[in-house]
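Okay, structure first, notes after.
Each value in this text was obtained by applying a stated rule to the coordinates, not by laboratory testing. Owing to the predicted nature of the structure, the values given are computational and were not obtained by experimental measurement.
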């Protein structure tokens, strides 16, 4: 059984996101532990409000009402690569291979310098396929284009649609910060998750990829993508009913 479910800007791609770091400057208050995903409790250092709570308090959350049957011309897989991501990375690369072989315009980072090029492509039209492991969007504090935090931040700032792919029971992701990640002392990572993927965000509803094969995942993603030559906006159905806008869960 699965764990409980938590529920034309600048053309410069290397712009660091500073606004989320400023959330930690709000007046301190006590925030009780939050239960997220899998029944695990998340506590925050000291008495400062959690980045998620600060983001929810500061940022209004009107939803964009995009057509639920819209398809995207291309998609970019965004992953947090780490020592523990080998199995997920292998599976997603196989998903990418399957979709590419079927004629879909899908992108994945294979080498240095590709990330910025791929992000420009989906800014022209496309969707960020956020591979949501529990550490997705963990910040290294540099703002450099080298990780999933940069991907998600760019998509959020440029209002590029985000389609989360739920890979694990813990969801939304809980990227390390504070005492668990000295490179992100103010919680930019979890604040970004709240803004861009959380239940009050404008992201698409997540696609549940837990216990699914690469073939199953590719088939579901394909329902939300256009093949070359397909008319913009045509669709033969949502991706298993999961390509609609997310709702608070």
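How big is the C-alpha Rg of the range 75-222 next to the rule-of-thumb value 2.2 N^0.38 Å, as a ratio?
Compared with the compact-globule rule of thumb, the range 75-222 sits at 0.97.
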**Study point:** Contact order relative to length of the range 75-222, as percent, for alpha carbon pairs under 8 angstrom and 6 or more apart
**Key:** 26
